[in-house]
Amino acid sequence: MSKNSVFVYSDAFQTYKFHDRHPFNQLRVKLTYDLLQTLGALHDTQIVAPRLATDEELALVHDTDYIEAVKKAGRGQLPEEVALNYGLGTEDTPICPNMHEASALLVGGTLTAVDYVLSGKAEHALSLGGGLHHGFRGKASGFCIYNDSSVAIKYMQEKYGVRVLYVDTDAHHGDGVQWTFYDDPNVCTFSIHETGRYLFPGTGNVNERGQGKGYGYSFNIPVDAFTEDESWLAAYTEALTEIAYFFRPDVILTQNGVDAHYYDPLTHLSATMRIYREIPKLAHQIAHQYCNGRWIAVGGGGYDIWRVVPRAWALLWLEMTEQSDISGPLPEEWVARWQPHAPVSLPLEWDDPENLYSPIPRKAEITEKNAQTVMKALHPIRSNKQRLNL
Ligand SMILES: [Zn+2]
């Protein structure tokens with residue numbers, strides 16, 4: 001099925017670092033890379049280096065005064081009150097040295113992935129440095145400076161003239177990407193996330209459906225806190241299957257935040273490794289069904305960098321390269337190499353144990369609520385299908 005896949009990687013992804021105690025930690029990309037290499041599932045011929053995004057490319061989405069502000073901030077030349085107007089120097093997005101170059105590299109990694117796939121050199125491409133879905137046109141937000149997915153989608157539209165389906169399974173709403181394309185009927189955004197009632201960024205309501213010509217091309221499924229695998233997967237599978245059928249994309253871009261896991265310290269969902277096996281399976285299937293295989297995947301959130309992210313992101317690459325039948329123990333060598341650096345016990349197996357957490361008391365209620373949310377989210381395309389007698 002797969003002609004080939006590329007894995008965009010450089011140790012320089014680590015330069016996107018706010019400070020030592022900040023939850024966003026790109027060491028997780030290296031941990032994943034090392035896990036796959038140790039496993040023998042990632043070969044040198046599949047690895048490509050990210051390029052830097054140019055100012056012109058960043059300006060496809062970002063305001064030029066914002067880009068200049070990020071550059072100045074990274075050189076320590078931006079006054080604090082000016083910085084705050086751009087969301088820079090906050091607790092979430094502190095100012096750090098060379099932040100422009102570090103952020104432009106993450107965007108460039110995603111663009112590298114895009115060029116491989118859309119020029120036909122690869123069928124699928126993964127850049128785990130990207131997935132910074134909260135970046136806005138003129139403002140940093142939620143650990144994100146530049147929004148690589150938004151830039152990549154604009155870039156694909158301009159350079160390749162394609163219609164893009166953006167799928168965001170991060171536990172936080174993919175707000176930056178949604179608002180960038182809110183009035184564009186050639187980009188369909190789908191985000192499934194924990195309800196914004198108690199979680200950043202607070203948006204992603206089921207009624208956010210787009211505006212103007214873009215009305216009906218923005219889909220949101222806010223699931224309840226404590227949602228478990230079954231209910232989460234039912235919502236994801238039902239929604240993505242129908243949205244893909246409705247939109248028939250030329251290319252699919254998936255944002256693979258892995259912070260819906262029970263262990264994640266920043267969110268309140270109760271998912272396990274099971275969803276990280278299933279998420280890429282359906283994305284992969286849709287890529288072949290509608291997009292002639294064209295699938296670009298990026299990273300995203302994920303704040304238990306030891307127990308969750310490496311396994312979940314490795315499973316994404318294993319699905320992409322059709323090696324996903326793996327289970328049982330993780331490579332001992334990998335565990336032995338990293339355990340001394342980890343503040344928690346590393347998992348020893350690919351899958352989580354059945355009894356990862358104690359039973360959720362409101363399970364039935366949560367499941368029912370999520371099912372209703374899916375019905376609301378899909379109502380417009382379902383009623384349209386009925387009208388057309390499909
Ligand atoms: Zn997130």
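General observations
- Filter result (open to solvent by 10 Å² or more (accessible area, probe 1.4 Å) and in contact with a Gly (Cβ under 8 Å, 6 or more places away or on another chain)) within segment 292-313: none
- Residue check, Trp338 within 22 Å of Gln37 (Cα to Cα), in contact with a Pro (Cβ under 9 Å, 6 or more places away or on another chain) and either within 16 Å of the ligand (Cβ to nearest atom) or in contact (Cβ under 8 Å) with a residue 24 or more places away in the chain (or both): yes
- Of all the listed residues (Glu230, Glu208), the sole one being surrounded by fewer than 19 Cβ atoms within 10 Å (Cβ to Cβ) and either more than 16 Å from the ligand (Cβ to nearest atom) or of a type outside the set (Lys, Arg) (or both) is Glu230.
- Of the residues in segment 9-19, none is of a type in the set (Gly, Ala, Ser), under 24 Å from Arg294 (Cα atoms) and more than 19 Å from the chain's Cα centre (by Cα).
- Index of the failed condition, Tyr198 passing every other in (1) at pLDDT 95 or above; (2) more than 14 Å from the chain's Cα centre (by Cα): (1)
- Residue that is surrounded by 19 or more Cβ atoms within 10 Å (Cβ to Cβ), among the aliphatic types (A, V, I, L, M) and assigned to a helix (DSSP H, G or I), where the choices are Ala73, Ala12, Ala53: Ala73
- Selected residue (criterion: nearest to the ligand (Cβ to nearest atom)) from residues of segment 291-335 that are basic (Lys, Arg) and part of a loop (DSSP other than H, G, I, E, B): Arg307
- Residue within segment 62-70 that is assigned to a helix (DSSP H, G or I), under 24 Å from Leu266 (Cα atoms) and of a type in the set (Ser, Thr, Tyr) present: no
- Filtered residues of segment 331-348 (kept if closer than 20 Å to Tyr262 by Cα and either surrounded by 15 or more Cβ atoms within 10 Å (Cβ to Cβ) or touching a His at 6+ places or on another chain (Cβ under 8 Å) (or both)): Leu346, Pro347
- Flag: Lys30 matches the condition of being touching a residue at least 12 places away in the same chain (Cβ under 8 Å) and not in a strand (DSSP E or B).
- Residue match in segment 212-222 (condition: more than 16 Å from the ligand (Cβ to nearest atom), touching a Gly at 6+ places or on another chain (Cβ under 7 Å) and of a type in the set (Phe, Trp, Tyr)): yes
- Lys17 being open to solvent by 10 Å² or more (accessible area, probe 1.4 Å), in a loop (DSSP other than H, G, I, E, B) and within 18 Å of Ala140 (Cβ to Cβ): yes
- Hits in segment 242-266 (condition: farther than 13 Å from Thr169 by Cα and within 16 Å of the ligand (Cβ to nearest atom)): Tyr262, Tyr263, Asp264, Pro265, Leu266
- The listed residue being open to solvent by 30 Å² or more (accessible area, probe 1.4 Å), of a type in the set (A, V, I, L, M, F, W, C), in contact (Cβ under 8 Å) with a residue 12 or more places away in the chain and farther than 29 Å from His341 by Cβ, out of Leu60, Leu39: Leu60
- Within segment 366-388, not a single residue is touching a residue at least 24 places away in the same chain (Cβ under 8 Å), hydroxyl-bearing (Ser, Thr, Tyr) and within 30 Å of Ala122 (Cβ to Cβ).
Residue-by-condition table, conditions (1) within 16 Å of the ligand (Cβ to nearest atom); (2) under 16 Å from Gln255 (Cα atoms); (3) in contact with a strand residue (DSSP E or B) (Cβ under 9 Å, 6 or more places away or on another chain); (4) acidic (Asp, Glu):
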residue	(1), (2), (3), (4)
Asn98	no, no, no, no
Ser103	no, no, yes, no
Leu106	yes, yes, yes, no
Leu118	no, no, yes, no
Glu123	no, no, yes, yes
Leu126	no, yes, yes, no
Gly131	yes, yes, yes, no
Gly138	no, no, no, no
Ser149	yes, yes, yes, no
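- Within segment 272-296, residues that are farther than 18 Å from Ile326 by Cβ reach partners that are in a helix (DSSP H, G or I) and open to solvent by 10 Å² or more (accessible area, probe 1.4 Å) with beta carbons closer than 7 Å, at six or more positions or on different chains, in the pairs Leu282/Thr237; Arg294/Leu118.
- Count of segment 106-137 residues which are open to solvent by 20 Å² or more (accessible area, probe 1.4 Å) and either more than 20 Å from Leu315 (Cβ to Cβ) or in contact with a Pro (Cβ under 7 Å, 6 or more places away or on another chain) (or both): 8
- One residue stands out in segment 353-377 among those that are among the basic types (Lys, Arg) and part of a helix (DSSP H, G or I): the one that is least open to solvent (accessible area, probe 1.4 Å), namely Lys369.
- Of all residues making up segment 169-188, the number that are within 11 Å of the ligand (Cβ to nearest atom) and aliphatic (A, V, I, L, M): 1
The values are calculated or read from the model by the stated rules, or taken from the named source; none is laboratory data. Worth saying up front: this structure is predicted, and the values here are computed from it rather than measured. Note that each Cβ is placed from the backbone with ideal geometry, even for glycine, and that neighbours are counted across all protein chains shown. To get the accessible areas, we keep the full protein, side chains included, count just its heavy atoms, and leave off ligands, DNA and RNA. Shrake-Rupley method; radii C 1.70, N 1.55, O 1.52, S 1.80 Å.
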